[in-house]
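Here the structure comes first, spelled out in structure tokens, and everything after it is commentary.
Computed from the coordinates by the stated procedures, all read-outs in this text should not be read as laboratory data. What you see is a predicted model, and the numbers here were worked out from it, not measured in a lab. A quick note on method: Cβ atoms are made from the backbone with ideal geometry, for glycine too, and the neighbour counts reach across all protein chains shown.
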Amino acid sequence: MKLHPIVGRTACYTVIGAICAAANNVMMILGDFVGVHYLPMMLVSFGVVTPMGYLLHARFTFRERPSLPSFLRFASGVAAGFPLSLLLMAILCTGLGLPVALAFPITTIMLFVWNYASAHWAIRRHLRLH
């Protein structure tokens, strides 16, 4: 029995997304542990996890050859989610007083759908669901 392409792609995206989310969360939590504010750590994490996520998604999720234009689209999609992520962190950490170790995983889960749609558009250049 062969899975519909969107099911397989979504499953692969979820696994790679979880790897990237774990790397992102580890960097954020370790940064907080050593006393670095979440804003600079978000920038560092963006610089590390974005290229890693792009290469993994291009190769395995979407089975497309990596290219500079699609990487720039991918990075712009991630960057577009950055203000939302920062806003959520400000609300959860600064506003509600939650620790980064709790706030960042919540933020990660909330951004999953946005990241899936923007990665799909960036790498495949359209949002075709087949």
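General remarks:
- Taking every alpha-carbon pair under 8 Å whose residues sit at least 6 apart, the range 5-124 reaches a relative contact order of 31 percent.
- Here the spin labels are modelled as points 7 Å beyond Cα on the Cα-Cβ line, and at residue 44 and residue 30 they lie 0.8 nm apart.
- Calculated over the range 33-85: convex hull of Cα atoms, volume per residue (Å³): 86
- Average projection area in nm² (convex hull over Cα atoms of the range 77-118, one quarter of hull surface): 2.6
- For the chain, the average shadow cast by the Cα convex hull is 7.9 nm², which is a quarter of the hull's surface.
- Nearest-20 debye value, the range 5-124 charge dipole, Cβ charges on Lys, Arg, Asp, Glu: 480
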